[in-house]
1. Using a cut-off of 14 Å between beta-carbons, work out the net charge of the residues near S290 (Lys and Arg +1, Asp and Glu -1, S290 not included).
2. Full extension from T382 to N229: what is 0.36 nm times the residue separation minus their Cα-Cα distance, to one decimal in nm?
3. I want the local charge near I119. Using Cβ-Cβ distances under 12 Å, sum +1 for each Lys or Arg and -1 for each Asp or Glu among the other residues.
4. Among A177, P143, G96, flag the residue with its Cα farthest along the positive direction of the charge dipole of segment 69-255, charges on Cβ as +1 for Lys/Arg and -1 for Asp/Glu.
5. Net charge near I253, counting Lys/Arg +1 and Asp/Glu -1 over other residues with Cβ under 15 Å of its Cβ?
6. I'd like to compare 366-374, 197-205: which one has the highest average count of other Cβ atoms within 10 Å, and what's the full order after that?
7. For S181 and T247, what is the calculated FRET efficiency with R₀ set at 56 Å and r taken between the beta-carbons, to the nearest 0.05?
8. Neighbour counts of other C-beta atoms within 10 Å: give me Y238, Y194, Y388, Y312 arranged from fewest to most.
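What follows is calculated from the coordinates using simple rules that are stated; it is not laboratory data. Just so it is clear, the model here is predicted, and its values are computed rather than measured. Cβ coordinates were reconstructed from backbone atoms using ideal geometry, including for glycine residues, and neighbour counts include every protein chain displayed.
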Amino acid sequence: MHLPKTEGVLIIAAVLLAGCSVSTDSIWPTTSGPDPKSPPPEQVQIAQSEAERSAQPTMSPPPQQAAPATMASAPTPASLEPTGTFVGDKVTTLRGELDRLKVALNRHNNNLQQIRVGITQNAQRYHGTVAAITARLQLGTTPGNPILVGQWNAAQIELDRVSNDIGTLNTLANSIAADSSLAAFVLESARAAYSLTGAIDEDHRQLALLEDDTNRTVVLIDRLLSEVNEDVARQTAYVANERANLTTLSAAIKNGELHGSSLLARAYATGAPPIAFSTSSTPRSGFTSSGRSALVVIRFDRADVPYERALYTALSKALEARPGANFDLVGVAAGGEGSSDIALNQSRVKKHANDVLKALVDMGLPPSRVSLAATTSPTITTNEVHLYLR
């Protein structure tokens, strides 16, 4: 089959043009490719990730719920032109007071976040030190280990720092309360300005904007003050509980073995007020058990009787069943061959009873929940101290 001469010429020309296009593409750089002067894509990606990391904050978030974002930047309406009237001047003055109030509010909010971060750091160091002491006691150690004593002192310092932070929170709460009074003054002044004579419509419009802005600021102040007060109550309870735990931990270090957490939390688990008992070092005489069985019987038949663990275990179980329970601690003197032996045993058992009471207090049991008593039993041969559930 033969093509016409004209069609053959067109085909040859199309082939030549295609070849020229390919050669042109290979000579001139394409605009969609990478710039030869620009760095490789890997370097650009590394530089971008480093910039993102440097832009991210390094401070850890606070332990409690942070203040709302609107609290840090209270809304401010556009600047209003002065009207030249007395009411307009009043609006300008009140607007200046409100702006200063917003600056103070933002500063208080930032201070709260900084205090929360400080409390978190102090609490982390405190619990780390307490955990080291507990782990050493759990394995067993010598009584009064000086290493543990030093760690206990360090934990006490960290807890004192948390207590100082509570004082800072109280100071902050007082400052916020003062700002709340100022906000109430601005709000009342704005409302009272409506009744002033010589005002124009623009003055009343600006007063309405000022009143709305002040109401929003009052809400933010109340919210911030509520958060600070909640932090104060929470941290106060925390420090009180941890001081009781430190007292119990001190007794454990003294004995070289771990007993457990403080009994204070169990003792005050209920809202019922405890029965007021006498905590005098002189036990009352004439005690009768009234058929009750003793929770613990400690027999002082040798110089050093290791009764702390058994005493702690019995008290823990009793307070788990009855958190508001009260106790009778009774020193039972052994009968002797004569009145002199009986008097000597009574003197010794009073000392033993006071030692057991001190151990109970060291374990965290409030002294007001324990009543001391003493009696004599001719049926026993060694002095004993009994603990009864009242």
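1. Working: positive: R292, R390; negative: D328.
Taking every Cβ under 14 Å from that of S290, the sum is +1.
2. Numbers: separation 153, 0.36 × 153 = 55.08 nm, distance 5.56 nm.
Extra length available between T382 and N229 comes to 49.5 nm.
3. On the way: positive: R116, R125, R161, R234; negative: E158, D165, D231.
Residues near I119 contribute +1 overall.
4. P143
5. Working: positive: R136, K254, R309; negative: E257, E308, D362.
My count for the surroundings of I253 gives 0.
6. Numbers: 366-374: 19.3, 197-205: 13.8.
Packing order, densest peptide first, comes out as 366-374, 197-205.
7. Details: r = 41 Å, r/R0 = 0.74.
About 0.85, to the nearest 0.05.
8. Details: Y238 16, Y194 13, Y388 19, Y312 24.
So the residues, fewest neighbours to most, are Y194, Y238, Y388, Y312.
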